[in-house]
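Beneath this line is the structure, given in structure tokens, with notes to follow.
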There are 2 protein chains.
Amino acid sequence: MTAKKRIFFNEVATRDGFQIEPGFIPTDDKVALVDALSDCGYAKIEVTSFTSPKAIPMLRDAEEVMGRIRRAPGVEYTVLVPNLRGAERALESRADELNLVMSVSETHNLANLRMPREKSFAALLDVICHVDGKTPINVSLSCCFGCPMEGEVVLDEVLRWGERFAGLGVRGLTICDTTGMAHPAQVSRMVEVLQQRFADLQLTLHFHNTRGMGLANVLAAVQSGITRFDGSLGGLGGCPYAPGASGNVTSEDAIHMLDAMGYDTGIDLSKLLAVARQLPGIVGHDVPGQVAKAGRIMDLHAPPASVAELREQFA
Amino acid sequence: MTAKKRIFFNEVATRDGFQIEPGFIPTDDKVALVDALSDCGYAKIEVTSFTSPKAIPMLRDAEEVMGRIRRAPGVEYTVLVPNLRGAERALESRADELNLVMSVSETHNLANLRMPREKSFAALLDVICHVDGKTPINVSLSCCFGCPMEGEVVLDEVLRWGERFAGLGVRGLTICDTTGMAHPAQVSRMVEVLQQRFADLQLTLHFHNTRGMGLANVLAAVQSGITRFDGSLGGLGGCPYAPGASGNVTSEDAIHMLDAMGYDTGIDLSKLLAVARQLPGIVGHDVPGQVAKAGRIMDLHAPPASVAELREQFA
């Protein structure tokens with residue numbers, strides 16, 4: 001008997017998911033949701049973002065949320081940090097990890113972060129110097145599989161930015177398919193190179209389901225040896241360039257698939273589905289996740305009454 | 001330069017998709033849709049079903065549809081046939097192929113076809129004898145990856161029913177994941193055995209996206225050598241045991257993925273997406289397919305005006 005291979009999930013719904021929701025979600029709901037997710041067995045939870053409250057009013061309660069959540073043993077509580085001021089707030093809030101973000105596409109970085117990539121890099125360098133190894137740092141690189149405005153993003157560009165951060169001693173890189181442009185063959189090719197190039201780093205893959213390929217891309221990444229994924233409860237999140245399409249890979253759907261395939265996700269799927277089923281009530285609308293609606297593969301249904309009658313009739 | 005590997009798609013929206021739609025779809029719309037699909041490059045289209053008009057009123061116009069569609073060269077027009085009477089009607093309508101169906105799960109067969117599997121087999125044997133090799137026959141086996149009422153379906157059961165039909169000289173078998181219970185590891189394992197056992201038959205895989213794994217299962221099947229798939233435009237179809245969940249694998253999403261990966265699907269994706277975008281108007285509701293909403297990977301977007309300003313500012 002061989003041990004099941006361990007896959008680590010980082011839940012991003014309360015940050016990446018919530019930040020594009022139109023109506024403010026009460027702090028109590030955020031704290032309760034993070035606490036419920038803590039009980040499910042996640043390796044990591046991206047709780048909130050220490051951005052300017054003006055830029056993202058939804059996450060203006062970052063300090064309060066971080067102060068009120070229960071810290072479950074074994075779960076890392078990470079936060080998004082855009083700059084030095086954010087890093088100071090994150091450290092005061094005792095975040096277990098700082099997640100920095102910039103895009104490998106110049107146009108996307110300008111559109112999304114309102115500065116050229118070099119300016120972003122300089123700001124993140126300030127953060128890394130300030131943290132000075134006292135707290136682990138992860139860097140999420142957006143648009144690694146393509147940019148919705150520039151189109152193709154060459155692998156060398158992903159490697160170039162990855163290496164600049166690796167050289168600064170970050171613990172991990174998250175390779176983001178920010179707008180759901182990745183396909184499985186591309187994932188396999190890229191992951192192979194990334195794993196060789198960044199063998200000492202925690203490599204996390206972040207997919208969107210914009211074009212329906214989210215779980216196929218997770219599968220391709222797992223087949224190529226990736227063990228860390230971002231997921232968003234209910235598939236919350238999305239991107240402004242693909243209106244009508246669904247958002248981040250749904251955590252519970254990805255976990256359900258890998259669980260069925262025999263991987264050890266560390267997640268209690270029953271608990272997770274119970275939490276996922278509360279989500280539409282929290283955000284006030286239907287969410288894309290499917291396993292919460294359809295049930296797990298082996299959640300069976302009673303046969304219709306006619307079956308017993310027919311069995312008798314044909315006996 | 002190596003030739004791209006060919007993948008063959010069978011479009012089932014006008015049969016498998018339409019038959020669970022609540023409101024009757026006018027015959028003119030059905031004919032126009034099949035004709036539009038014929039221009040997209042499908043290998044096969046399952047046009048309609050020669051069932052009793054009382055059982056499935058939606059498809060009561062089967063003869064008229066088959067009589068009025070334009071037969072495009074290179075496209076096979078197949079029809080579902082439940083029994084001898086259906087076979088006679090199908091042959092009169094000059095179907096290129098008869099698709100027979102039964103379930104490998106006794107309970108599902110009783111619930112869905114209202115008779116034990118042996119009775120179904122006997123009825124389909126009548127059809128096969130009647131057709132007598134004059135028209136190719138495909139057999140779709142339901143619930144090959146699990147039954148929503150019985151649970152697990154053992155591989156031997158799939159093989160046993162497949163072999164009974166193979167022994168009768170059918171041209172192909174469609175291995176159906178009727179209620180979206182398959183996962184990629186199971187698909188890989190099963191496909192390997194099926195391809196050895198039925199090396200001389202056309203093997204088609206029919207997936208549902210009930211639990212979000214549709215494209216991941218297509219990927220696993222393609223990786224294991226499968227070259228034929230059923231798909232449903234817009235992801236129409238579904239199953240009564242998974243309310244709220246999505247239906248068949250979406251043709252255009254699966255084709256888009258395989259196309260991006262470098263497979264030759266024979267499909268003109270631009271034309272197909274144009275047809276897919278008409279579908280909500282035909283059925284009167286939103287459909288699950290995502291590429292029709294989000295556009296193809298390389299359907300790029302113009303940057304916001306701020307990007308040009310920022311470029312200047314930081315120049």
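A few remarks follow.
- Here A:T2 meets the list (1) buried (at least 16 other Cβ atoms within 10 Å of the Cβ); (2) more than 21 Å from A:D230 (Cβ to Cβ) almost entirely, failing just condition (1).
- Breaking point among (1) more than 14 Å from chain B (Cβ to nearest Cβ); (2) closer than 23 Å to A:K54 by Cβ, for A:E76: (2)
- Residue within the stretch A:79-90 that is more than 14 Å from every other protein chain (Cβ to nearest Cβ), open to solvent by 60 Å² or more (accessible area, probe 1.4 Å), under 21 Å from the mean Cα position of the chain (by Cα) and without any contact (Cβ under 8 Å) to a residue 40 or more places away in the chain present: no
- Residues satisfying the stated conditions in the stretch A:162-184, i.e. without any contact (Cβ under 8 Å) to a residue 40 or more places away in the chain and touching a helix residue (DSSP H, G or I) at 6+ places or on another chain (Cβ under 6 Å): A:L173, A:A182, A:H183, A:P184
- Within the stretch B:146-197, being open to solvent by 60 Å² or more (accessible area, probe 1.4 Å), within 12 Å of another protein chain (Cβ to nearest Cβ) and assigned to a helix (DSSP H, G or I) holds for one residue alone: B:R189.
- Condition broken by A:V154, with the remaining ones in (1) under 21 Å from A:F198 (Cα atoms); (2) modelled with pLDDT under 95 satisfied: (2)
- Test for B:A62: is it open to solvent by 10 Å² or more (accessible area, probe 1.4 Å) and more than 17 Å from B:K271 (Cβ to Cβ): no
- Count of the stretch A:242-274 residues which are in a helix (DSSP H, G or I) and open to solvent by 20 Å² or more (accessible area, probe 1.4 Å): 5
- Qualifying residue in the stretch B:261-273 (condition: within 25 Å of B:N217 (Cα to Cα) and over 21 Å from the mean Cα position of the chain (by Cα)): yes
- Filtered by the rule that a residue be assigned to a helix (DSSP H, G or I) and surrounded by fewer than 19 Cβ atoms within 10 Å (Cβ to Cβ), the stretch B:198-228 gives a lone residue, B:Q223.
- A count restricted to the stretch A:275-308 and to residues that are in a helix (DSSP H, G or I) and either facing chain B (nearest Cβ under 7 Å) or surrounded by fewer than 14 Cβ atoms within 10 Å (Cβ to Cβ) (or both) stands at 8.
- Of the residues making up the stretch B:130-140, at least one is modelled with pLDDT of 95 or more, in a helix (DSSP H, G or I) and open to solvent by less than 10 Å² (accessible area, probe 1.4 Å).
- Some residue of the stretch B:234-241 being at pLDDT 95 or above and within 14 Å of chain A (Cβ to nearest Cβ): yes
- Residue match in the stretch A:113-120 (condition: farther than 30 Å from A:G146 by Cβ and among the acidic types (D, E)): no
- Within the stretch B:112-141, the set of residues being touching a residue at least 40 places away in the same chain (Cβ under 8 Å) and within 14 Å of another protein chain (Cβ to nearest Cβ) comprises B:R117, B:F121, B:A123.
- Qualifying positions in the stretch B:201-219 - more than 7 Å from chain A (Cβ to nearest Cβ) and free of Cβ contacts under 8 Å to residues at least 40 places away in the same chain: B:L201, B:L203, B:L205
- Flag if A:D39 is at pLDDT 95 or above, surrounded by fewer than 22 Cβ atoms within 10 Å (Cβ to Cβ), acidic (D, E) and touching an Asp or Glu at 6+ places or on another chain (Cβ under 6 Å): no
The values are calculated or read from the model by the stated rules, or taken from the named source; none is laboratory data. The shown structure was predicted, so the numbers you read here are calculated from the model rather than taken from an experiment. As a convention, Cβ positions derive from the backbone with ideal geometry for all residues, glycine included, and neighbour counts pool all protein chains shown. Surface accessibility is based on the protein's heavy atoms, side chains included, excluding ligands, DNA and RNA. Shrake-Rupley method; radii C 1.70, N 1.55, O 1.52, S 1.80 Å.
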